[in-house]
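Below you'll find the structure, written out as structure tokens, and then a few comments.
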Amino acid sequence: MAEQVWSRPELIVISVLVFLCAGFVKGLVGLGLPTISLGLMTVFVGVEKAMVLILWPAFLTNLWQGVSGGHFKVLVEKLWPFLVAAVSMLAAGTFILTRLPEGAADLLLGMLMAGYAIPSLAGVKFLIPERSRTFAGIAAGLVNGIFSGLTGSYTVPGVMYLQALGLKRDELIQAMGLLFLLSTIALAVSLSGFGMMGWQETLASLLLVAPALSGVWFGQRTRRQVSEAAFRRLILASILALGFYLIPLGLWRLMH
């Protein structure tokens, strides 16, 4: 990828714009950078190289999101079974990725996102009782890990589980950051283990951190102008938009 980018100026411009836009969405709603950047870059460099490209931008933006906010200790104590489960199953998802037809995972993920966001935007609320949170967290984490390894997107059903806990806006943002941070680290280890992490793609990934962080900064500034209720609707709308984006992308990959 590095040689391809440096020898193709148009691909440099495309990469910078993709990560700038994906970073803005992440700064605004706390998610979306891997899904958007992976989906768009796959069109130009293929899914395996695109998964490597997202690693450094995802790691550093999620580190920023996961350690800031003032709720780190409380969230780790509350969410550790969910987080451990999500990390432990990610390698299994990467293994399945090497066996599935390209596009199948994106199609399924998009359908799940849309299936969750549509009723939620219509006013249906998903809440998990206190007594069921540990079991639900482990189950959600295991499924989330598989999808993370399959698609490079850490959203489903992890963000849905975190929303169902009734976390406040700043808690939800930091909790998503912790999930995404640990998942990014596990994805890097998994990709390396399966021989999918070349040094050229890793270098290109590192250089794309600058536009990603710039986008996050602008998104965070915009987020401060949004109310708590509007923020929750914005997250759901973003999940729905990502779902509607992944469904045709998955179909396109299956047919090519």
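Kindly put F135, F59, F180 in sequence by how many other C-beta atoms sit within 10 Å of each C-beta, fewest to most. Mind showing how you got there, number by number?
On the way: F135 11, F59 19, F180 29.
The order, fewest Cβ neighbours first, is F135, F59, F180.
Legend: helices of the chain (whole DSSP H runs) are marked when their alpha-carbon atoms reach 24 angstrom or more along the helix axis and their mean Kyte-Doolittle hydropathy is at least 0.5; marked are 9-29, 104-121, 133-151, 169-193, 228-255.
Summary value for the range 40-186: 41 percent relative contact order, contacts being C-alpha pairs under 8 angstrom separated by 6+ residues. Straight-line cross-link partners of K168 among the aspartates and glutamates, defined as a Cα under 13 Å from its Cα and at least 8 positions apart when in the same chain: E228.
Here the convex hull built on the C-alpha positions of the range 15-77 has a volume of 83 cubic angstrom per residue.
Using a Förster radius of 22 Å, what is the FRET efficiency between V124 and E77 based on their Cβ-Cβ separation? Nearest 0.05, please.
Values: r = 30 Å, r/R0 = 1.34.
Here the calculated transfer efficiency is 0.15.
If you plug the beta carbon distance of S68 and S227 into 1/(1 + (r/R0)^6) with R0 = 22 Å, you get a FRET efficiency near 0.55. With kT/(6 pi eta Rh) evaluated at 20 °C and eta = 1.002 mPa s, and Rh the Kirkwood radius from Cα pairs, the range 1-145 diffuses with a coefficient of 122 µm²/s according to Stokes-Einstein.
Computed as a quarter of the hull surface, the mean projected area of the alpha carbon convex hull for the range 2-255 stands at 12.5 nm².
None of the figures in this text is laboratory data; all of them are computed from the coordinates on show. Here the structure is a predicted model, which means the values were calculated and not measured. No Cβ is skipped: glycine too gets one built from the backbone with ideal geometry, and neighbour counts run over all protein chains shown.
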